[in-house]
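Peer 1: Dumping the structure here so I can ask a few things about it.
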Amino acid sequence: MTGWTMKRFWTKATANPAPGGFAIALDGRPVKTPAKAPLVVPTAGLAQAIAAEWNAQTGAVRPETMPFTRTANSAIDKLAKQHPEVVALLADYGGSDLLCYRAGHPAALAARQATVWDPILAWAADSLGAPLAVTEGVVPVAQPAASLQALKARIDALDPFRLAAFHDLVAIPGSLVLALAVTHGRIAPQAAWDASRIDEDWQIADWGADEEAAEAAALRREAFLHAHRFYDLCL
C-alpha cells in the first residue's frame, strides 16, 4: 500500500498579515502545520520565503524542497512547547564547545586553530561576558559557571522561531560560541562554517577527500546556511 502524497491544488500561495504576524494562504485558504496549528510566522520576509516554496511546487509536493516551511512548522509545533528543554540542550554545548578543544600536534594545525578560534573566544569573553577555558586534547575541561549562565541567558531570550534556527546553528558545527558569533554579526556564516571545519579540512589535505563524506558535509553546510537565513528572516 502506498502512502498518500499531497499534490498541488492551488494557483497561488500568498503571505498575508494575520494576528500574531503573517500567515501563508493557498488561494486564500490558510496553511496549517502538521499539528493543525495556523502557520503564522513573525515577519513578512519569512512568510514570503515560505510562500515562495509553496509556489515553487509542481505536481507532487516535495517537503524536502521546503526548508523554510519545515523549520517554521517545527518552531510552532515543537519549539513553542519545548522551549526550556531545547534551551538547556543547547546551553550544554557551552561546556564542551568545539573551539575550546585544541590539537597538540601537528604544530601547524594547532596554530591554525588558535589563529581562527582565539579571536572568536575573545569576542565571547568581551561582548557576552563569557570567558571560556581552552585545553589540549579531548579530556573535558570545566568552564566557569558564570560564563555558562551568560551563554544560556542569550539562548533563553530567543523566541521559538529564532530558537528553531539557532538549534541547527549550534548542533551542526558543535559550537555554541560560533552560533552566537554568527547571530550577533561577529562572523559571516560561511566563515563560521569554515572555522568549524578546520580539523576535517586538515585531514582532507593530508589524506584526500572521501566522496561520501564530502557529500554529507555539503548537506550539513547547506543546512547551516539555511538556518542562518531563517534566523535573519525572523528579525
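The values are calculated or read from the model by the stated rules, or taken from the named source; none is laboratory data. In this text the structure is predicted, and so the values were computed from the model without any measurement. Cβ placement follows ideal geometry from the backbone for every residue including glycine, while neighbour counts extend to all protein chains displayed.
Peer 1: Being charged (D, E, K, R), closer than 19 Å to Pro160 by Cβ and assigned to a loop (DSSP other than H, G, I, E, B) is the filter here, so list the residues in region 1-50 that pass it.
Peer 2: Across region 1-50, the qualifying residue is only Lys36.
Peer 1: Restricting to region 1-18, name every residue that is of a type outside the set (Phe, Trp, Tyr) and either touching a residue at least 40 places away in the same chain (Cβ under 8 Å) or surrounded by 15 or more Cβ atoms within 10 Å (Cβ to Cβ) (or both). Show your work before the answer.
Peer 2: We begin by selecting, within region 1-18, every residue of a type outside the set (Phe, Trp, Tyr); these are 1-3, 5-8, 11-18.
Across region 1-18, the qualifying residues are Thr5, Met6, Lys7, Arg8, Lys12, Ala13, Thr14, Ala15, Ala18.
Peer 1: Hey, can you tell me all the residues within region 55-75 that are in contact with a helix residue (DSSP H, G or I) (Cβ under 7 Å, 6 or more places away or on another chain), part of a helix (DSSP H, G or I) and either over 20 Å from Thr11 (Cα atoms) or not β-branched (Val, Ile, Thr) (or both)?
Peer 2: Pro63, Pro67, Phe68, Arg70, Thr71, Ala72, Ser74, Ala75
Peer 1: Do we find a residue being modelled with pLDDT of 95 or more, assigned by TED's automatic domain parsing to the domain that holds Asp159 and touching a Lys or Arg at 6+ places or on another chain (Cβ under 8 Å) anywhere in region 105-112?
Peer 2: Scanning region 105-112, I find at least one residue that is modelled with pLDDT of 95 or more, assigned by TED's automatic domain parsing to the domain that holds Asp159 and touching a Lys or Arg at 6+ places or on another chain (Cβ under 8 Å), so the answer is yes.
Peer 1: For the condition under 16 Å from Arg186 (Cα atoms) and at pLDDT 95 or above, what is the one hit in Phe161, Phe166?
Peer 2: Sole residue among the options that is under 16 Å from Arg186 (Cα atoms) and at pLDDT 95 or above: Phe166.
Peer 1: Which of the residues belonging to region 19-38 are among the aliphatic types (A, V, I, L, M) and surrounded by 15 or more Cβ atoms within 10 Å (Cβ to Cβ)?
Peer 2: Ala23, Ile24, Ala25, Leu26, Val31
Each row is one residue, and each column tells you yes or no for (1) over 28 Å from Arg229 (Cβ atoms); (2) not polar (S, T, N, Q).
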| site | (1), (2) |
| --- | --- |
| Phe68 | no, yes |
| Asn73 | no, no |
| Ala80 | no, yes |
| Val86 | no, yes |
| Tyr101 | yes, yes |
| Leu132 | no, yes |
| Ala145 | yes, yes |
| Ile155 | no, yes |
| Ile172 | no, yes |
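Peer 1: Where in region 144-206 are there helices (runs of 4 or more DSSP H), lying wholly inside it, with at least 3 residues that are more than 25 Å from Val41 (Cβ to Cβ) and over 11 Å from the mean Cα position of the chain (by Cα)?
Peer 2: 145-156, 189-196
Peer 1: (1) modelled with pLDDT of 95 or more; (2) over 23 Å from Gln113 (Cβ atoms): which one isn't true of Glu212, the others all being true?
Peer 2: Among (1) modelled with pLDDT of 95 or more; (2) over 23 Å from Gln113 (Cβ atoms), the lone unmet condition for Glu212 is (1).
Peer 1: Select from region 111-165 the residues that are within 26 Å of Arg220 (Cα to Cα) and acidic (Asp, Glu) and write down the one among them that is surrounded by the most Cβ atoms within 10 Å (Cβ to Cβ).
Peer 2: Filtering first and then ranking leaves Asp156.
Peer 1: As an exercise: evaluate Ala209 against (1) touching a helix residue (DSSP H, G or I) at 6+ places or on another chain (Cβ under 7 Å); (2) over 13 Å from Leu98 (Cβ atoms); (3) of a type in the set (A, V, I, L, M) and give the number of the one condition it does not meet.
Peer 2: Among (1) touching a helix residue (DSSP H, G or I) at 6+ places or on another chain (Cβ under 7 Å); (2) over 13 Å from Leu98 (Cβ atoms); (3) of a type in the set (A, V, I, L, M), Ala209 violates only (1).
Peer 1: Here's something else I'd like to know. Of all residues in region 25-58, count the ones that are touching a strand residue (DSSP E or B) at 6+ places or on another chain (Cβ under 6 Å) and either at pLDDT below 95 or among the hydrophobic types (A, V, I, L, M, F, W, C) (or both).
Peer 2: 11
Peer 1: OK, next. Evaluate region 196-208: report whether one residue or more is touching a residue at least 60 places away in the same chain (Cβ under 8 Å), surrounded by fewer than 16 Cβ atoms within 10 Å (Cβ to Cβ) and closer than 19 Å to Arg112 by Cα.
Peer 2: So far as region 196-208 goes, yes, one or more of its residues are touching a residue at least 60 places away in the same chain (Cβ under 8 Å), surrounded by fewer than 16 Cβ atoms within 10 Å (Cβ to Cβ) and closer than 19 Å to Arg112 by Cα.
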